[in-house]
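*Asks:* Structure in structure tokens, see below.
The numbers here are math on the coordinates, done by the rules we state, and not lab data. Predicted model only: the values in this text are computed from it and were never measured.
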Amino acid sequence: MVRPSWSRVRALSVGVLLAVALSGCSLFGRAEGATTPGEAGAPSPTPDGRRVSLVQQVGSGGPPRTLEVDAVGRWQCRDCAGDGVDSTGAFTPEQTQRLQGMLADPALAQETDEARHYKQGCIDALTSTLLIPPGLTITIQDCPGEPKPPVAYQVLLLITQATPAEDKG
């Protein structure tokens, strides 16, 4: 098995991040008939809540799947089960509170790709990348024996168990 060069992995990662950044503006765009924050019945985002994005890809040639979760627990997924279907939904208040608690955990800063000096461990595996503004990127691969960053892995599990996203990580 030939490992891809580091520059190829970096180029792929930059490409996926760019795709997410470019599509992120439309993921939570205003749907027809949707209310805006401040309108009656519309939940207003918590000022101290955090968003999280999940980008998954199988192998280096698979299409990226994206899932966005906002600060109040609403999520939107593009092809997150790999079946071409886009989905939306919302976490329960308990799931949202649990997610926000994990996203506020200072340990996440030590689990970033940069802090762990992360390098792709195997090819043709499911790669899940958590993007937590402002600037935390944490990659988890479904490779045998690869250690999982504890807090980020719990975030990944919560997100994948509450949505149609792939549940391996």
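*Asks:* Please state the Cα pair-distance histogram of region 91-169 with 10 angstrom bins from zero: what percent is in each bin?
*Replies:* Histogramming region 91-169 at 10 Å steps yields 18, 52, 26, 3 percent.
*Asks:* Please report, in cubic angstrom per residue, the volume enclosed by the convex hull of the alpha-carbon atoms of region 62-115.
*Replies:* It is 92 Å³ per residue.
*Asks:* For region 64-80 and region 121-169, what is the centre-to-centre distance using only Cα atoms, to the nearest Å?
*Replies:* With region 64-80 and region 121-169 each reduced to a Cα centre, they are spaced 14 Å.
*Asks:* By the gyration tensor of its Cα atoms, with a ≥ b ≥ c the square roots of the eigenvalues, what is the shape of region 88-134: rounded for a/c under 1.5, prolate for a/b over b/c, or oblate?
*Replies:* Note, shape of region 88-134 comes out oblate.
*Asks:* Let me ask something else. At a threshold of 8 angstrom on Cα-Cα distance, excluding pairs fewer than six apart, so keeping six or more, what relative contact order does region 99-169 reach in percent?
*Replies:* Values: 79 pairs, mean separation 23.1, N = 71.
The normalised contact order for region 99-169 reaches 32 percent.
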